[in-house]
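Single-structure report; data block below.
The values are calculated or read from the model by the stated rules, or taken from the named source; none is laboratory data. This one's a predicted model, so the numbers in the text were calculated from it and none came from an experiment. For neighbour counting, all protein chains shown are included, and Cβ atoms are generated from backbone atoms with ideal geometry for every residue, glycine included.
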Amino acid sequence: MGDYDCAGGSGNGPHYVTGPIRVLSPDPFRLDSDHDGFGCEKP
């Protein structure tokens with residue numbers, strides 16, 4: 001399966017997600033940094 005990171009972020013992939021996307025618990029890739037249910041939001 002591999003690791004997923006937000007596109008344009010500091011993660012090293014190998015897979016990248018362009019968001020925002022809905023994140024359901026659990027969040028093993030820590031895409032939802034502010035825990036609002038959406039990941040890879042623009043800062």
Handout entry: Any chance Phe38 is aromatic (Phe, Trp, Tyr), at negative phi and modelled with pLDDT of 95 or more
Key = yes
Handout entry: Counted residues, the stretch 1-14 - those being modelled with pLDDT under 90, surrounded by fewer than 14 Cβ atoms within 10 Å (Cβ to Cβ) and of a type outside the set (A, V, I, L, M, F, W, C)
Key = 5
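Looking at the stretch 5-16, which of the residues that are farther than 15 Å from Gly37 by Cα and not in a loop (DSSP other than H, G, I, E, B) is farthest from the chain's Cα centre (by Cα)?
Ranking the candidates gives His15 first.
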Practice task
Return the total of residues in the stretch 1-35 being touching a residue at least 12 places away in the same chain (Cβ under 8 Å) and small (Gly, Ala, Ser).
Solution key: 4
Exercise for the section: Would you tally the residues in the stretch 17-38 being in a strand (DSSP E or B) and over 13 Å from Ala7 (Cα atoms)? Expected result: 2
Practice task
Kindly indicate which of Val17, Val23 is surrounded by 14 or more Cβ atoms within 10 Å (Cβ to Cβ), at pLDDT 95 or above and among the hydrophobic types (A, V, I, L, M, F, W, C).
Solution key: Val23
